[in-house]
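A quick write-up on the structure given underneath.
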Amino acid sequence: MKLWKTKLVCSVALTCLMIPFAASAAPAAADAAQKSAADQEIQVLKDVAQARPTEKTPWVRMTQIKYDAGSYGDAVAYALQVLQRDPADKYAKGVVALGSLKLSIKALNDLSAQSDLNGGVLSDAQSQTKLLRESLGETVVDPAAVAETKPKVSRPLKKKATRAAKTATPDAGGEGKPFGSLQ
């Protein structure tokens, strides 16, 4: 076989062997590239925000980038910058509220996992949850009230159902076979 054919066969074989390794590395590389692009965009937006201190647009975009990336602390900080420039901005208010809630839920879950959610922290979390539900217009769920209002099972209905099952006529096929009539 000629030298170029041997090289071609070897390169194709090597490529086929490398595809699984490249495929497993591709998502990590794509994530890193995306994070790097987002960091670069944030830096450019910070430069724009510094050049135009009264403009809220770069801060809104930084808020969106960080919120979408799950960096809720940074998103809340950027949203507060938006609110300094425009106190009526609904998007920024929403990010402050939801981002703060997500951070709080994560912190409470971490405390629960460590069994450190007790005493003052637990009662404060419960009171804040109650206030949040009231502000959202939801009814406050009290475990004691739910236990009192739990519907009780009616015994006569249960007896009627049992009696009806006993008096039911056997199927058309007879001999207690449920598919006897189909045979």
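Coordinate-derived values only; no laboratory data. None of the values given here were measured: they were computed from a predicted structure. All Cβ positions, even for glycine, are placed from backbone atoms using ideal geometry, and neighbour counts span all protein chains on display.
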Once phi for every residue in the range 41-54 is put through the Karplus expression 6.51 cos²θ - 1.76 cosθ + 1.60 (θ = phi - 60°), the whole-Hz ³J(HN,Hα) values, with Gly and Pro written as x, are 5, 4, 4, 5, 5, 5, 5, 5, 5, 5, 6, 10, x, 8
So for the range 33-114, what are the equivalent ellipsoid semi-axes in whole Å, largest first, each being the square root of 5 times an eigenvalue of the Cα gyration tensor?
25, 17, 8
Between Ala51 and Leu101, take the C-beta separation as r, use R0 = 22 Å, and let me know the FRET efficiency to the nearest 0.05.
0.10
FRET efficiency for Gln34 and Gln128 from the Cβ-Cβ distance with R0 = 30 Å, rounded to 0.05, comes out at 0.30
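Strictly over 31 Å apart at the Cα level, which of Lys35/Lys130; Lys46/Lys90; Lys93/Lys130 would you flag in this model?
Working: Lys35/Lys130 38 Å; Lys46/Lys90 22 Å; Lys93/Lys130 21 Å.
Long pairs (Cα-Cα over 31 Å): Lys35/Lys130.
Please report the relative contact order for the range 33-114, taking Cα pairs under 8 Å with a sequence separation of at least 6, and give it as a percent rounded to a whole number.
Values: 72 pairs, mean separation 18.4, N = 82.
So the answer I get is 22 percent.
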Order these by the 10 Å Cβ neighbour count, fewest first: Ile105, Ile65.
Ile105, Ile65
